[in-house]
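*Asks:* A single structure is presented below for examination.
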Amino acid sequence: MSKAMREDLLLFNSIVDELLFQEKENPVSTPIKAKELYEKIDLSLPENPTITSEFSKVLKDLVLKTPKTASNRFFNQLWGGRNSKAVLGDLLAVMLNTSMYTYKVSGPQTAVESEIIEKICKMIGYSNHSGGTFPTGGSMSNFMALIMARDKKDLEIPNSGVIKTMVAYTSFESHYSNAKNASFAGIGRDNLRYIPTNNKGEMIPEKLEECIKKDIQKGLVPFYVNATAGTTVLGAFDSVKELSNICKRYELWLHVDGAYQGAVVFSPKYKSLLEGIEHSDSFSFNAHKMLGTPLTCSLLLVNEIQNLFNSFNNEADYLYQTHSDNYNLGKTSFQCGRRNDALKFWTLWKAVGTKGLSSIVEHLFETSKIARKYVRNNPNYTLYNDGDSLSICFNYKEFEAKELCTKLYHAKKLLVGYGSFKGEEFVRLVTINAENKEMEILNFFKILEEFAEENKLSLQKRAMLKVS
Ligand SMILES: *Cc1c(COP(=O)(O)O)cnc(C)c1O
């Protein structure tokens, strides 16, 4: 058995060597037509064992034909790149294969998780009774926050179900998980209000208050506000400070969804974007986005840990057999068996220090500034968002964003996506790969421009909006 393990680790190393080489040589994998996938790679599962040499070959083939998210041409999503210290931690988590529910099976890994949570709670000024957990992602963090808010309004709800009509609030620009979560939580999608945003994409506090008042007049029960720290398209920050005042006034739970850009808490320079965060009830962010850990590494921090217990604790004699609740992290998590997502964050933090995390955050904003400056100073571009955001939303000349992005992908040039805001569609460049520097960012524009010029006859023009 241990011989097989050793051989497989050697194979792992050889495949990864090739992958790292190819990320440089061929930063964009050849896209495979979805219908032709089974013809291009041997994905079939056989009746008999595959001989070793064939197995290695097909595995390498599969790896190299997968989209390369750590290359310097990947700008498609709100994550990218690869932090080696975090990768190391995640590989070790796979080898250890603990589950985070009890101290008995996770031992010191329990403290790896708790140390990170405690440290961040302190940094953001949460109370002495604060705590948190590592959910499966930002969507799940939003869900858990919603559930805590619901139960806090009435501790009978976990038993009786939702009886009154409860109302939750978020902005038009917030993450789509809010709608699903309202459905899962028994609140109902129809009872999630979308508050309009200003021209920067930030929730308008006055509109929120108006809406809450109306709902109260109708006899409904407002209970939850989901603010966004870095909206998914524009990267806009809702004003936590102003929203927290409203939430205090009407006794609503305030959750700050910082999945995308919440990691600004690590930077003395940028943490003011979250001003007032200490007045929120919960806050989440994805370390796998700005901090570059492997997927998934998501944190949910709660100002009063009791709320996590109230909503997520459940007795289970067959599981909790030693130690007290504070050491059995399953008492405050959604799942039963839970992967050790904390270790990769811990190895990263341990290696680079809080200062190193701060440098990562600040470097990302530096590269976003380079990109934004380039767009702003170039008359061939239209810029759609300003301020501190890692999303740079733009159009190049008259070319239609959607088609440009899709063709860049098919031509193996770049992976970049498009988005829209208030009816305008644009390319969304995301400068979230901390390994990228000025050169890679400028290269992005060079590739895009060359491609657009070479293909200008076949690329569609976007419908120009009337400029008044
Ligand atoms: C990415 C993102 C999420 C979802 O996080 P997952 O980990 O992908 O579930 C939620 N909210 C915002 C603002 C995001 O950008």
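*Asks:* Scan segment 14-47 for residues that are open to solvent by 70 Å² or more (accessible area, probe 1.4 Å) and not in a loop (DSSP other than H, G, I, E, B) and report the count.
*Replies:* Looking only at that region, the number is 10.
*Asks:* Hey, another quick one. If you take the residues of segment 153-175 that are in contact (Cβ under 8 Å) with a residue 24 or more places away in the chain and hydroxyl-bearing (Ser, Thr, Tyr), which of them is farthest from GLY235 (Cα to Cα)?
*Replies:* It comes out as THR165.
*Asks:* Further, regarding this structure: Please go through (1) over 24 Å from the mean Cα position of the chain (by Cα); (2) open to solvent by 20 Å² or more (accessible area, probe 1.4 Å) for ASN328 and return the number of the only condition it doesn't satisfy.
*Replies:* The number of the failed condition is (2).
*Asks:* Can you tell me which residues in segment 138-151 are closer than 23 Å to THR102 by Cβ and within 11 Å of the ligand (Cβ to nearest atom)?
*Replies:* Within segment 138-151, the subset closer than 23 Å to THR102 by Cβ is 140-141, 144, 147-148.
Answer for segment 138-151, where residues must be closer than 23 Å to THR102 by Cβ and within 11 Å of the ligand (Cβ to nearest atom): MET140, SER141.
*Asks:* Now for a separate question. Which condition breaks for VAL233 when tested against (1) more than 16 Å from the ligand (Cβ to nearest atom); (2) surrounded by fewer than 24 Cβ atoms within 10 Å (Cβ to Cβ)?
*Replies:* The number of the failed condition is (1).
*Asks:* State which residue pairs qualify: first residue in contact (Cβ under 8 Å) with a residue 24 or more places away in the chain and in a loop (DSSP other than H, G, I, E, B) and inside segment 224-239, second residue open to solvent by 10 Å² or more (accessible area, probe 1.4 Å) and near the ligand (Cβ under 8 Å from one of its atoms) in any location, beta carbons under 6 Å apart, and separation of 6 or more residues or different chains.
*Replies:* Pairs that qualify, where the first residue is in contact (Cβ under 8 Å) with a residue 24 or more places away in the chain and in a loop (DSSP other than H, G, I, E, B) and the partner is open to solvent by 10 Å² or more (accessible area, probe 1.4 Å) and near the ligand (Cβ under 8 Å from one of its atoms), are THR232/HIS175.
*Asks:* So, one more: Of the conditions (1) surrounded by fewer than 13 Cβ atoms within 10 Å (Cβ to Cβ); (2) under 30 Å from PHE426 (Cα atoms), ASN97 clears all except one; give me its number.
*Replies:* So ASN97 meets the others, but not (2).
*Asks:* So the check is Cβ under 9 Å with 6+ separation or different chains; which pairs have a first residue in segment 176-190 that's open to solvent by 20 Å² or more (accessible area, probe 1.4 Å) and a second one that's among the hydroxyl-bearing types (Ser, Thr, Tyr) and more than 14 Å from the ligand (Cβ to nearest atom)?
*Replies:* GLY188/THR165; ARG189/SER183
*Asks:* I'd like to verify a number: residues in segment 63-94 that are open to solvent by 70 Å² or more (accessible area, probe 1.4 Å) and within 21 Å of MET5 (Cβ to Cβ), how many?
*Replies:* First pass over segment 63-94, keeping only residues open to solvent by 70 Å² or more (accessible area, probe 1.4 Å): 65, 67, 77, 82, 84-85, 88, 91-92, 94.
Checking the rest, the ones that are also within 21 Å of MET5 (Cβ to Cβ) come to 88, 91-92, 94.
Residues in segment 63-94 being open to solvent by 70 Å² or more (accessible area, probe 1.4 Å) and within 21 Å of MET5 (Cβ to Cβ): 4 in total.
*Asks:* Just name the residue that is nearest to the ligand (Cβ to nearest atom) out of those in segment 121-134 that are surrounded by fewer than 24 Cβ atoms within 10 Å (Cβ to Cβ) and touching a residue at least 40 places away in the same chain (Cβ under 8 Å).
*Replies:* In this case the residue turns out to be ILE124.
*Asks:* Oh, and also: Could you go through segment 351-366 and let me know if any residue there is assigned to a helix (DSSP H, G or I) and among the acidic types (Asp, Glu).
*Replies:* Among the residues of segment 351-366, at least one is assigned to a helix (DSSP H, G or I) and among the acidic types (Asp, Glu), which makes the answer yes.
*Asks:* Here's something else I'd like to know. Test ARG338 against the criterion of being within 16 Å of the ligand (Cβ to nearest atom) and surrounded by fewer than 24 Cβ atoms within 10 Å (Cβ to Cβ), and give yes or no.
*Replies:* Yes, satisfied.
*Asks:* Can I ask one more? What is the number of the single condition among (1) out of contact with any Cys (no Cβ under 8 Å at 6 or more places or on another chain); (2) in contact (Cβ under 8 Å) with a residue 24 or more places away in the chain; (3) not acidic (Asp, Glu) that ALA287 does not meet?
*Replies:* Failing condition for ALA287: (1).
*Asks:* Can you confirm whether ASP190 is within 12 Å of the ligand (Cβ to nearest atom) and either part of a helix (DSSP H, G or I) or within 30 Å of LYS369 (Cα to Cα) (or both)?
*Replies:* no
*Asks:* So, in segment 260-312, exactly how many residues are of a type outside the set (Val, Ile, Thr), within 16 Å of the ligand (Cβ to nearest atom), within 21 Å of SER127 (Cβ to Cβ) and outside any strand (DSSP E or B)?
*Replies:* The qualifying residues number 3.
The values are calculated or read from the model by the stated rules, or taken from the named source; none is laboratory data. Treat the numbers as computed from the prediction; the structure is a model and nothing was measured. FYI the Cβ positions are ideal-geometry reconstructions off the backbone, even for glycines, and counts take in every protein chain you see. Side chains are part of the model used for accessible areas, which takes the heavy atoms of the whole protein and leaves out ligands, DNA and RNA. Shrake-Rupley method; radii C 1.70, N 1.55, O 1.52, S 1.80 Å.
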